[in-house]
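Below you'll find the structure, written out as structure tokens, and then a few comments.
The values are calculated or read from the model by the stated rules, or taken from the named source; none is laboratory data. Because the structure is predicted, anything quoted here is derived from the model rather than measured. Quick reminder, even Gly has a Cβ in these numbers, built from the backbone with ideal geometry, and neighbours come from all protein chains shown. Calculation scope for accessible area: heavy atoms of the full protein, side chains included, ligands and nucleic acids excluded. Shrake-Rupley method; radii C 1.70, N 1.55, O 1.52, S 1.80 Å.
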Amino acid sequence: MKAPDHTPSTDWPEQMSNWNRSSVLVRRTIGYSAVAALVCTGVSLLFLVVVGSKDADTARARATGAWDRTVPLIREGYLPSILPAGQDIAIQVLDTRQQVVASTPQLAHKPPMATFRATSTSVHAERVLCPPAGLTGCKTVFSYKVYQPDGPWILYVAAPTVPWYGNTAALSFAIGMSLLATAMTAAGTFHVVKRDMTAVDAIRTELAEITASHLHRRVPVACNNQEEIKLLAGTVNDTLDRLEGAYKRLRQFTSDASHDLRNPLTAMRAQLEDALMHPHDTDWPKMTGAVLAGVDRLQAIVTDLLTLARLDARAPLDLSATDLGRLVGEELDRHAYRMEIVRNLRQNVFVDCDRLRITRLLVNLLDNAERHASSRITVSVRADGPTATLEVLDDGAGIAPEHRERVFDRFTRLEASRDRDSGGTGLGLAIAREIAEAHQGTLTIQDSERGARFVLRLPVREAPQTSGRSERGTGHAGFFSYPVSP
Ligand SMILES: Nc1ncnc2c1ncn2[C@@H]1O[C@H](COP(=O)(O)OP(=O)(O)OP(=O)(O)O)[C@@H](O)[C@H]1O
Ligand SMILES: [Mg+2]
């Protein structure tokens, strides 16, 4: 017998997400509709109370009008037994013996509609009777005392009772408008939420399909959406742009690195194969020297790649307070140059730096300058306000403005240099710029009258407290080291 398959369906996440989406849609619609219904109920209640009190005032005014018309007739003795019929108003006049002496037609020959009277201190009383004697339905009955020479007569006026909501038309209107407003809110919310979710879904679906081989794809920016969703799509597309750019650069870098590693390997292999084929005709010391030169080049490239990888990974810097002029002076002392070196080094320009890395940067600039200068290299260090500036200027052919950014790209070597020498990997300036940026500084090529002028700018720091310790000659011990987080 086949065991039941408990493997969850592959559509499960999709079903969950569909269920969540519908649930969000329903919850939002119900939520907004409930708020709309509450607001409508409040407004309707207010409206109905106002209408009710207005209608009650009108009914009271009509009763008072009936009193106004009837009392003069009683006082002047012209009271007819049948009073003119008022619009749904019933009137009865009772004499001192409680006999009905006059009434509107609907109460003709009928007993008194009520028995209550105004108190001795008041001339008017009002009650709701359901129904008053001789009438149908609930009525508000007003009782007035009319003082006659033979004693107080009673005037009853019955007017239809006004409910708290005024009248049925007002109630129907309020209920109708509330239902309409709630329904419109529900429909509007449903439409807007569904539209937004559809736009977000389109972004999500597109993002889910973007892989390394489809990095050119972008999420749709629908034009009828809310501003926030357009912003979201725009931001996602900007991120994809940057990602695609970074991926392209990485691919280029990998291909350049492989190319640069393959060239010396191919040359070395050819040399070794040739030597093995003709061992007796081979000048072994010369061949070994050539292969070693290839190994050196491979080693240089691998070292540079490793340095770049560490800089890319933002490896922590070993920062220490360093006199930049002094560091440069010591580095210049360490080597013999083929040309004149002009030093213009201001002392006591302190920076926080990783000495090894800044030295690596300087060595590359000096190396390049020596390779391209005609007869002189000028190295200067100075403080420009909050910035420490290191300049390396040579008197060579210089670098054309259109190449001044390109030379900082990895594996970039200008044509002139390729002709001039074959040793460089084209990684030196890329490493130098990464080092400058890791120190919150900049490395650029500036205009000069002649030759290339490389300018490194680093943030200046205050001179450290010497307190008995002093900088000595060369080496790490000559610098004030203290722990600084990178
Ligand atoms: N002082 C300079 N004058 C003229 N061109 C320069 C100068 N410095 C650098 N360049 C140009 O910039 C390119 C890149 O320099 P970078 O230091 O990155 O590489 P490299 O010197 O060729 O090799 P590497 O430094 O890795 O051994 C050089 O190949 C050269 O064409
Ligand atoms: Mg170089």
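Quick notes
- Flag for T198 being modelled with pLDDT under 90 and of a type in the set (V, I, T): yes
- Selection status of R371, among the basic types (K, R), out of contact with any strand residue (DSSP E or B) (no Cβ under 7 Å at 6 or more places or on another chain), within 12 Å of ligand 2 (Cβ to nearest atom) and open to solvent by less than 60 Å² (accessible area, probe 1.4 Å): no
- In this entry, V381 is excluded by the filter for residues that are part of a strand (DSSP E or B), more than 16 Å from ligand 2 (Cβ to nearest atom) and over 19 Å from T442 (Cβ atoms).
- Qualifying position, being in a loop (DSSP other than H, G, I, E, B) and touching a strand residue (DSSP E or B) at 6+ places or on another chain (Cβ under 8 Å), among N348, N344: N348
- Some residue of region 189-210 being among the β-branched types (V, I, T) and touching a residue at least 40 places away in the same chain (Cβ under 8 Å): yes
- Any hit, region 369-382, residues being away from ligand 1 (no atom under 11 Å from the Cβ), within 25 Å of C353 (Cβ to Cβ) and under 46 Å from the mean Cα position of the chain (by Cα): yes
- Restricting attention to region 182-211 and to residues that are open to solvent by 80 Å² or more (accessible area, probe 1.4 Å) and of a type in the set (K, R), the residue that is nearest to L38 (Cα to Cα) turns out to be K194.
- Selection from region 261-278 of residues that are touching a residue at least 24 places away in the same chain (Cβ under 8 Å) and either at positive phi or among the aliphatic types (A, V, I, L, M) (or both): L261, L265, A267, M268
- Complete set of residues in region 318-367 that are open to solvent by 30 Å² or more (accessible area, probe 1.4 Å) and within 16 Å of ligand 1 (Cβ to nearest atom): H335, Y337, R338, E340, I341, V342, R357, R360, V363, D367
- Among the criteria (1) assigned to a loop (DSSP other than H, G, I, E, B); (2) modelled with pLDDT under 95, the one Q440 does not fulfil is (2).
- Among all residues of region 212-230, there is at least one that is open to solvent by 90 Å² or more (accessible area, probe 1.4 Å), closer than 30 Å to R195 by Cβ and not in a loop (DSSP other than H, G, I, E, B).
- Filter result for T96 (in a loop (DSSP other than H, G, I, E, B), outside the structural domain of S33 (by TED's automatic domain parsing) and open to solvent by less than 70 Å² (accessible area, probe 1.4 Å)): yes
- Looking across region 33-59, just one residue is crowded, with 16+ Cβ neighbours inside 10 Å and among the charged types (D, E, K, R), and that is D55.
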